[in-house]
Amino acid sequence: MARSGAELISEYLIQEQVPYVVGLCGHGDLGLLDGLFDRQDELQTISTQHESIAGFIADGYYRVAHQPIATFTSCGPGSANLPVALGSAFMDDSAFLAITGNVPTSQFNRTPFQETGRYHQADFPSVVRPYVKRSYQATRPEQLPLMLRQSFSLMRRGRPGPVHLDVPLDVFAEKTEEPLQSPAEWNTGAVPQPGASPEEIERIRELILESRRVVIVSGSGVESSESEAALLAFARAHRIPVATSPLGKSTFPAEDELALGATGRNGTYAANRAARGADLVLAFGTRFDDRSTSSWLEGYTYRFPETRLVHVHIDPQELGRNFPPTVPVIGSPATVLRQLAEAMRETDYRSEDAYLDEVAAWKRKWFEHVAPNRGAEGGPLRPERLVADLRAVLPDDGILFSDVGIHHNWLVQEWEPREPRTFHQSWGFASMGFGLGGVIGSYLAAPERKHVAVVGDGGFLMLPSAVATAVQYDVPATWIVWNNGGFQSIRDQQRLYFGADRELATTFLGADGAPYEADHAALARSLGAEGITVTHSSDLSSALETAIASERPTVVDVSVTDAVGLPAAATWALPPLDHPRPGFGWPDA
């Protein structure tokens, strides 16, 4: 049966059980839209007002459902708006299929309208190649079945990530009798989870038995491999304290007595103190990036190689990239945790009471420092009060997305996840707009749950059209705008590194030098959503309850003080600038 390229793509997406394609129309993807037209009952098309939002929706969907969906964008600037979202997904091991339209192959090299590339024809794949696991470009429809099958296998297997498929207009439109390659026959949904060798497991067991101060560091790979329950069981069986990477924050319940919080610049005192004082670190699915390790500066978060390191990661490139592993293991955290549980079953290893008492003391010291501010009264609100009230209102299985800004730092430090996969952030690429669109994808993946995004006032003004998309498709998401008058995380760095009087282009000011403040709640209402403004702590909890209970898209614009700094129990370096010393618990008493 002859089918157009667009019909092939639509059919294949349906066979892969993709429920949504999200994007923005243009002349480059006209053919694809026509192919989707007849399949609307099986494959819903969602139209956004900005291509980055489409990418963030797809990214958010994968982080909650662990299944990829697809985006569609047109040639030229349409697809050029996508790399910010692709980079966010790629750096954080999230996956979607990015289908980009291109100019007709018969017009390659003639510089038609919106062709990318003066020196190489239709070269959009070069634009996105750093941000995807692979980029395919089909120049005839017969190529599509193979490319689609390989794309879905590649997205899911190993380290998850987005894949790009570039399709010229004529390839969407022309027909072929090339048969589809069945996802079921090729088993594209299979996700191999390799484990450690028996020798590696025995060596790890020996290291654990030799050690008195063991710390587990749980990264986002634990989430990717859905091994949170295995990690919790292993930690409890042997009473081993657990720190998380910031990106792996919801892999371990914050209320558990073994929980230390996140490591690094925005982490807790207990996590950093335990990690640098350990004699053995068992790291699962973390890449030890700069912000989670105090920029690899010895003694702030870690003391490798003085501390021995077992590093488990699905991607061999991460083993030995930043720290020397005593035992490097190419493997899935799910499999290796299962192997270790079995290997340790006959031992009576449990962390000693004296060690756990120290850990508990570090946690109490930190709690006594930060907890009083969680109940602070007044307005503009203290950051800790906003986070505490949100935690009290959002159900345990509610899903929180953080956009990028100073609020992100506070959430990494203060937010207390209670269930797996309930806290999501753009960590590696730190793409502003992630929370705005991601929370829509989160709802599409789990409509029975509550979905909230915390976004800065700067980030919200970048892509407020996400609210319009939610209104169009009746998505009852809540956006909390952390309104502190500017890009204050960068302002604070200007003041720190260059002087308190050397601030430029970070605080929002009008032409007269007075503070500029947009009315984000009014903007939301103009787009058809609900809008609530909060200026005092006494009104916050009720406003959050109303918004989260609502079946309407709602923006809660909260005035937050810009005069409070994040308590620092570790550091972060921007060479050649001198790194700041931690302001709490340093040097250790």
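The values are calculated or read from the model by the stated rules, or taken from the named source; none is laboratory data. These numbers come from a predicted model, not from an experiment. Methodologically, a virtual Cβ is constructed for each residue, glycine included, from the backbone with ideal geometry; neighbour enumeration extends over all protein chains shown.
Based on what the data block shows, is GLU199 on the phi < 0 side of the Ramachandran plot and among the acidic types (Asp, Glu)? In short, yes. Across the range 414-426, a minimum of one residue is classified as touching an Asp or Glu at 6+ places or on another chain (Cβ under 9 Å), at pLDDT 95 or above and assigned to a helix (DSSP H, G or I).
Counting only helices (runs of 4 or more DSSP H) that fall entirely inside the range 24-104 and contain at least 3 residues that are among the β-branched types (Val, Ile, Thr), the qualifying elements are 51-65.
Residue-by-condition table, conditions (1) modelled with pLDDT under 95; (2) of a type in the set (Ser, Thr, Tyr); (3) more than 20 Å from GLU414 (Cα to Cα):
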site: ALA466; (1), (2), (3): no, no, yes
site: THR469; (1), (2), (3): no, yes, yes
site: GLY485; (1), (2), (3): no, no, yes
site: GLU517; (1), (2), (3): yes, no, yes
site: GLY531; (1), (2), (3): no, no, yes
site: ALA549; (1), (2), (3): no, no, yes
site: VAL560; (1), (2), (3): no, no, no
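Specify which of the listed residues (ARG321, ARG265) is assigned to a loop (DSSP other than H, G, I, E, B) and free of Cβ contacts under 8 Å to residues at least 60 places away in the same chain.
Details: ARG265 fails: free of Cβ contacts under 8 Å to residues at least 60 places away in the same chain.
After applying the criteria, what remains is ARG321.
If you go through the range 171-180 one residue at a time, do you hit one that is under 18 Å from ASP123 (Cα atoms) and touching a residue at least 40 places away in the same chain (Cβ under 8 Å)? Checked the range 171-180: at least one residue is under 18 Å from ASP123 (Cα atoms) and touching a residue at least 40 places away in the same chain (Cβ under 8 Å). You will find that of THR293, THR263, THR326, the residue that is touching a Leu at 6+ places or on another chain (Cβ under 9 Å) and among the polar types (S, T, N, Q) is THR326 and no other. Applying the condition of being among the β-branched types (Val, Ile, Thr) and within 25 Å of ARG291 (Cα to Cα) to the range 322-340 and asking which residue is surrounded by the fewest Cβ atoms within 10 Å (Cβ to Cβ) yields THR326.
Could you pull out every one of the strands (runs of 3 or more DSSP E) wholly within the range 435-553 that has 2 or more residues that are small (Gly, Ala, Ser)?
The strands (runs of 3 or more DSSP E) meeting that bar are 451-456.
Among the residues of the range 545-574, write down those that are free of Cβ contacts under 8 Å to residues at least 24 places away in the same chain and more than 28 Å from PHE367 (Cα to Cα). Correct list: THR546, ALA549.
Looking across the range 460-517, the residues that are over 30 Å from PRO395 (Cβ atoms), under 25 Å from the mean Cα position of the chain (by Cα) and surrounded by fewer than 18 Cβ atoms within 10 Å (Cβ to Cβ) come down to ILE490, ASP492, GLN493.
Assuming PRO372 fulfils every condition listed in (1) at pLDDT 95 or above; (2) assigned by TED's automatic domain parsing to the domain that holds ASP279 apart from one, which condition is it? Single failed check for PRO372: (2). Taking the criterion of being crowded, with 24+ Cβ neighbours inside 10 Å and acidic (Asp, Glu), the residues of the range 17-65 that qualify are ASP29, GLU51, ASP59.
The set of residues from the range 159-170 being crowded, with 20+ Cβ neighbours inside 10 Å and either within 18 Å of ASP123 (Cα to Cα) or at pLDDT below 95 (or both) comprises VAL163, HIS164, LEU165, ASP166, VAL167, PRO168, LEU169. From the list ILE216, ILE240, the lone residue that is assigned to a loop (DSSP other than H, G, I, E, B) and surrounded by 20 or more Cβ atoms within 10 Å (Cβ to Cβ) is ILE240. In the set (1) touching a Phe, Trp or Tyr at 6+ places or on another chain (Cβ under 7 Å); (2) surrounded by fewer than 24 Cβ atoms within 10 Å (Cβ to Cβ); (3) more than 26 Å from VAL467 (Cα to Cα), the condition left unmet by MET1 is number (1). Just so you know, in the range 348-391 the residues that are β-branched (Val, Ile, Thr) and closer than 17 Å to TRP410 by Cβ include one that is surrounded by the fewest Cβ atoms within 10 Å (Cβ to Cβ), and it is VAL370. Is it the case that some residue within the range 295-316 is of a type in the set (Gly, Ala, Ser) and surrounded by 15 or more Cβ atoms within 10 Å (Cβ to Cβ)? Within the range 295-316 (the criterion being of a type in the set (Gly, Ala, Ser) and surrounded by 15 or more Cβ atoms within 10 Å (Cβ to Cβ)), the answer is yes, since at least one residue qualifies. For the range 124-135, the count of residues that are surrounded by fewer than 19 Cβ atoms within 10 Å (Cβ to Cβ), more than 30 Å from GLY248 (Cβ to Cβ), not charged (D, E, K, R) and not assigned by TED's automatic domain parsing to the domain that holds SER245 is nonzero.
With respect to THR268, determine if the residue is closer than 21 Å to ARG63 by Cα, of a type in the set (Val, Ile, Thr) and surrounded by 24 or more Cβ atoms within 10 Å (Cβ to Cβ). Walk me through it before giving the result.
Values: closer than 21 Å to ARG63 by Cα: no; of a type in the set (Val, Ile, Thr): yes; surrounded by 24 or more Cβ atoms within 10 Å (Cβ to Cβ): yes.
Criteria not met by THR268.
Does the range 26-44 contain any residue that is in the same structural domain as PHE90 (by TED's automatic domain parsing), touching a residue at least 24 places away in the same chain (Cβ under 8 Å), of a type in the set (Lys, Arg) and within 26 Å of MET432 (Cα to Cα)? There is no residue in the range 26-44 that is in the same structural domain as PHE90 (by TED's automatic domain parsing), touching a residue at least 24 places away in the same chain (Cβ under 8 Å), of a type in the set (Lys, Arg) and within 26 Å of MET432 (Cα to Cα).
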